[in-house]
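> Have a look at the structure that comes next, please.
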Amino acid sequence: MLKIVLLGAPGSGKGTQSAKLVEEYGVPQISTGDLLRHAVSEQTELGLEAKKAMDAGELVSDHIVVGMIRERLNEPDTANGFILDGFPRSLAQAEALDEMLAELGRPLQCVVHLRVDNEEIVQRLLSRGREDDNEQTIRNRQSVYQEQTEPLVAYYEKQGLLKPVAGVGTVDDIFSRIKTALNEA
Ligand code: ADP
């Protein structure tokens, strides 16, 4: 059983670490970025609406992502837990999540906060080369992160759920720090 949120700036390595957590704990990763990219590639109405915001490095509207998460958390494979990656990204989303999980009777175990400094992140993202990874969009995603997502650190700290983890070093170094943090939770 693992019910966690991975919190961290774009490029902090949430996706990489989520994949390793999936392998180790056998619970699904739920990434709003992946769900949205899937909707974009299927050219659903929702995907078309989301694409504009994604290309600009803005947040997709709460009703879209909250709806996606609600559906996903109702799938049977989440019964033993989940790793939320890239959600929540705003206080409104965090509150919506708390409500959903309270209804389901499955509260969060902890929130792992992957900490990496800004310049390191720009370098990582530029070398990744995804469609929305040009320098302008990256800078915009960082300022959106600072304004809208960073307040979640205090939000979860207040709930006693926050586990800060240094997101530097090798992938395996970071993963073992995460496991240590989870064992303490
Ligand atoms: P990164 O971690 O590099 O930001 P993601 O795959 O998590 O990449 O997100 C890519 C884009 O998808 C974001 O810039 C944003 O436009 C959109 N997105 C992903 N998750 C959310 C969310 N929870 N709320 C709003 N928009 C989101």
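Any read-out appearing in this document is the output of simple, stated calculations on the displayed coordinates, not a laboratory observation. Note that the coordinates shown come from a computational prediction; the quantities given were computed from them, not determined experimentally. No Cβ is skipped: glycine too gets one built from the backbone with ideal geometry, and neighbour counts run over all protein chains shown.
> What is the sum of charges, Lys and Arg at +1 and Asp and Glu at -1, for the other residues whose Cβ falls under 12 Å from the Cβ of residue 28?
Details: positive: 3, 72; negative: 23, 34, 75, 77, 85.
That works out to -3.
> Take the alpha-carbon centre of segment 62-80, take the same for segment 99-161, and report the distance between them in whole Å.
Their Cα centres are 19 Å away from one another.
> Still on this structure, please answer the following. Using +1 at the C-beta of Lys and Arg and -1 at the C-beta of Asp and Glu, which of 54, 39, 2 has the Cα lying farthest in the positive direction of the dipole of segment 1-114?
2
> If I model a spin label as a point 7 Å beyond the Cα along the Cα-Cβ vector, how far apart are those points for residue 143 and residue 38 in nm?
Result: 3.3 nm between the two label points.
> Which value at 222 nm does the chain reach when only helices count, each DSSP H run of 4 or more adding -39,500 (n - 2.57), with the total divided by all residues and rounded to the nearest 500 deg cm²/dmol?
Per the formula, -17000 deg cm²/dmol.
> Can you tell me the order of 129-135, 143-149 when each peptide is scored by its average per-residue count of other Cβ atoms within 10 angstrom, highest first?
143-149, 129-135
> Which part of segment 1-30 falls in the paramagnetic zone of residue 128, meaning amide N under 12 Å from the point 7 Å along Cα-to-beta-carbon?
8-18, by backbone N distance to the label point.
> Given the pairs 51/163; 20/158; 20/52; 20/51; 3/179; 52/163, which are separated by over 22 angstrom at their Cα positions?
51/163; 20/158; 20/52; 20/51; 52/163
> From zero up to wherever the largest Cα-Cα distance of the chain sits, split into 10 Å bins and tell me the percent of pairs in each.
Using 10 Å bins, I get a P(r) of 9, 38, 39, 13, 0 for the chain.
> How much length is gained on full extension from residue 168 to residue 106, taking 0.36 nm per residue of separation minus their Cα-Cα distance?
19.2 nm
> Give, as a single signed number, the net charge of other residues whose beta carbon lies under 13 Å from the beta carbon of residue 13, with Lys and Arg counted +1 and Asp and Glu -1.
+1
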